[in-house]
1. Could you grab me the full set of residues in the stretch 125-155 that are among the β-branched types (Val, Ile, Thr) and either over 14 Å from the mean Cα position of the chain (by Cα) or surrounded by fewer than 18 Cβ atoms within 10 Å (Cβ to Cβ) (or both)?
2. Of the residues 9, 40, which single one is within 15 Å of the chain's Cα centre (by Cα), part of a strand (DSSP E or B) and not acidic (Asp, Glu)?
3. Just one of 21, 41 is of a type outside the set (A, V, I, L, M, F, W, C), closer than 21 Å to residue 113 by Cα and either surrounded by fewer than 18 Cβ atoms within 10 Å (Cβ to Cβ) or touching a Pro at 6+ places or on another chain (Cβ under 6 Å) (or both); which is it?
4. Going by the conditions given, is residue 74 within 16 Å of the chain's Cα centre (by Cα), over 22 Å from residue 28 (Cα atoms) and not β-branched (Val, Ile, Thr)?
5. Checking the structure you have, find out if any residue of the stretch 76-95 is loosely packed, with under 15 Cβ neighbours inside 10 Å and among the hydroxyl-bearing types (Ser, Thr, Tyr).
Amino acid sequence: MFYPDSFKVSTPTDREIQVTRDFRAPRQLVFDAFTKPELVRRWLLGPPGWMMPVCEIDLKVGGAYRYVWRKEGAKEMGMGGIFREIVTPERIVATERFDESWYPGDALDTTVFVEDGELTRVTVTVLYESKEARDTARRSGMEHGMAAGYSRLEEQLPEMLAAR
């Protein structure tokens, strides 16, 4: 069962975008799906047709991550950052910078995983350097790629759970 109605995008402050989504899976599994390269590259792909040839995650404070996406006929997209805080399986705070950013400056991503019965709610709050940067990111349609990735993750969670 999928929970697309739980996918919500809001702007809690003039510099933030917040995305929430519920998943029917244990919190530790959802945390692993966000932090283990072999799992991340299965779902964090955005719209159909994209692939992730580079997925590197050094999951420790001060460690780096790097993602690169490719799609035939489209420009390659890469991004990465540094982990500032990790509380397994509750919270991750990391910087974010795209190779060719469409918004000015860096961003700070805070991802929180809250288990409630059989559901895990993921809340990603992206703090931009300015209102202009937040508004530019919001206009990019980023939520469409996130929604597609989260739906793909929801489809794969039962298989991930069975493999544990």
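What follows draws every value from the coordinates through simple rules; no lab data is involved. Keep in mind that what you see is a predicted model, and the values were worked out from it rather than measured. Methodologically, a virtual Cβ is constructed for each residue, glycine included, from the backbone with ideal geometry; neighbour enumeration extends over all protein chains shown.
1. Here is the first cut: in the stretch 125-155, the ones among the β-branched types (Val, Ile, Thr) are 125-126, 136.
The one that is among the β-branched types (Val, Ile, Thr) and either over 14 Å from the mean Cα position of the chain (by Cα) or surrounded by fewer than 18 Cβ atoms within 10 Å (Cβ to Cβ) (or both): 136.
2. Details: 40 fails: part of a strand (DSSP E or B).
So the residue among 9, 40 that is within 15 Å of the chain's Cα centre (by Cα), part of a strand (DSSP E or B) and not acidic (Asp, Glu) is 9.
3. Details: 21 fails: either surrounded by fewer than 18 Cβ atoms within 10 Å (Cβ to Cβ) or touching a Pro at 6+ places or on another chain (Cβ under 6 Å) (or both).
Just one listed residue meets the conditions, 41.
4. Working: within 16 Å of the chain's Cα centre (by Cα): no; over 22 Å from residue 28 (Cα atoms): yes; not β-branched (Val, Ile, Thr): yes.
Against the criterion (within 16 Å of the chain's Cα centre (by Cα), over 22 Å from residue 28 (Cα atoms) and not β-branched (Val, Ile, Thr)), residue 74 does not qualify.
5. Looking through the stretch 76-95, at least one residue is loosely packed, with under 15 Cβ neighbours inside 10 Å and among the hydroxyl-bearing types (Ser, Thr, Tyr).
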